[in-house]
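To start, the structure under review is shown below, and the notes come after it.
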Amino acid sequence: MTARRILICLHDFARGGTERIAIGLAADWADAGRDVTILCGSIEGGLRDTVSPKVKVVALEPQVARGFLSRRRLARAMGLHLPALQPDVIFLPGNFHALLANGLRAADPHVAIALKISNPPVPRAPFANMIFRHITRAVDGFAAMNSGLARELKAMLPGRNIVALHDPVYLKPKPRVARRSEKLRLLWIGRLEPQKDPELALAVMAAMDALSHLTMLGDGALRDVLQQRISSLGLQDKVTLKGHVPEIESYLADADALLITSRYEGGPAVAVEALAQGVPVVGTDCSFLLHDILARPEAGRIVTSREPRALAVALSAVCAAPPVPETLQALAAPFEPRACASAYLDWLDSLVRHG
């Protein structure tokens with residue numbers, strides 16, 4: 001059977017990678033002739049205007065804002081819409097939305113439910129595996145963003161339908177900007193939240209020599225803390241907080257390297273975006289995906305230590321190597337959007353047949 005009607009459940013349109021990728025996949029699936037609907041708890045967050053006109057958006061009334069136990073209320077409210085929407089498959093676009101699965105199954109015992117695993121599934125805590133198995137018992141299939149996550153899931157959920165599928169990378173590369181001085185142009189992209197550890201990026205810059213500058217793109221709860229930290233470390237001339245920007249291509253075109261300081265990631269899309277632009281990556285050992293894509297020395301380095309000096313040394317070494325944009329761009333080729341969207345559709349179709 002074919003998943004003709006695909007329902008994507010989103011809490012809201014927050015400016016996160018999960019939401020951005022879900023919106024991109026929705027557009028590609030609609031272009032492929034599928035009937036795609038986004039059912040959301042709220043239209044807030046900033047990305048609503050990026051949804052393709054071919055994709056229907058249904059917002060709950062009254063809207064459900066993020067908060068304590070909001071996903072439980074969201075699942076109940078979304079379940080009431082399933083009889084009218086009659087989806088063949090429900091796509092939950094990341095770990096944050098996994099808590100909707102059992103509530104949606106109670107509302108419709110027959111629909112196939114697909115969950116994308118966007119981060120390592122559980123923390124290292126007692127009973128965490130058991131809790132994860134319980135909250136995902138209604139899921140018919142899991143899509144892991146990389147091979148490492150797929151291995152973790154298969155060990156945790158033996159006998160379940162688990163595949164590794166790449167997230168598409170939506171980027172329009174721009175011509176590289178020639179270096180105008182000896183100063184290294186470093187870039188950091190992400191939400192200013194504890195998971196991304198932007199404070200480590202500042203510590204790295206404090207360990208770098210004076211001929212370097214870091215531009216940080218993104219916003220979040222730690223912005224004021226970071227601004228104070230920049231002042232206390234005397235980094236006003238070495239770090240610029242740009243906040244949210246409408247596009248990152250021009251910043252990548254002007255960068256010598258991308259710095260990733262996350263504590264954990266499912267698959268940092270910014271790393272693939274950097275490679276597609278011909279920019280090497282230096283990152284903490286936060287994601288299996290980095291091991292998949294940084295397959296050549298020219299692509300960058302994964303630093304197992306979270307010690308700022310170790311990251312600073314790696315950045316200096318990577319930036320000193322001759323640039324090889326074509327090699328890096330080839331590493332990003334498997335993340336071409338249409339190919340990724342097509343692979344997802346094949347998998348969703350299989351869930352409808354066997355779910």
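The values are calculated or read from the model by the stated rules, or taken from the named source; none is laboratory data. Not measured: the values here are computed from a predicted model. Ideal geometry is used to build each Cβ from the backbone, glycine not excepted, and the neighbour counts take in all protein chains shown.
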### Task
For region 323-355, enumerate the residues that are among the basic types (Lys, Arg) and at pLDDT 90 or above.
Arg338
### Query
Mind checking which residues of region 198-219 are charged (D, E, K, R) and either part of a loop (DSSP other than H, G, I, E, B) or out of contact with any Lys or Arg (no Cβ under 8 Å at 6 or more places or on another chain) (or both)?
Asp209, Asp219
### Query
Considering region 37-76 alone, what residues qualify as being of a type in the set (D, E, K, R) and in a loop (DSSP other than H, G, I, E, B)?
Glu44, Lys54, Glu61, Arg66
## Note on the structure
Only one of (1) among the aliphatic types (A, V, I, L, M); (2) closer than 19 Å to Ala26 by Cα; (3) surrounded by fewer than 16 Cβ atoms within 10 Å (Cβ to Cβ) does not apply to Val89, and that is (3)
### Query
Which ranges mark the strands (runs of 3 or more DSSP E) fully within region 234-353 that have 2 or more residues being closer than 27 Å to Pro120 by Cα?
257-260, 281-284, 300-303
### Message
Residues that are at pLDDT 95 or above, more than 14 Å from Phe96 (Cβ to Cβ) and touching a Leu at 6+ places or on another chain (Cβ under 6 Å): does region 42-58 have at least one?
### Response
yes
### Query
Given (1) over 25 Å from Leu165 (Cβ atoms); (2) of a type in the set (D, E, K, R); (3) within 25 Å of the chain's Cα centre (by Cα), where does Asp292 come up short, assuming only one miss?
(1)
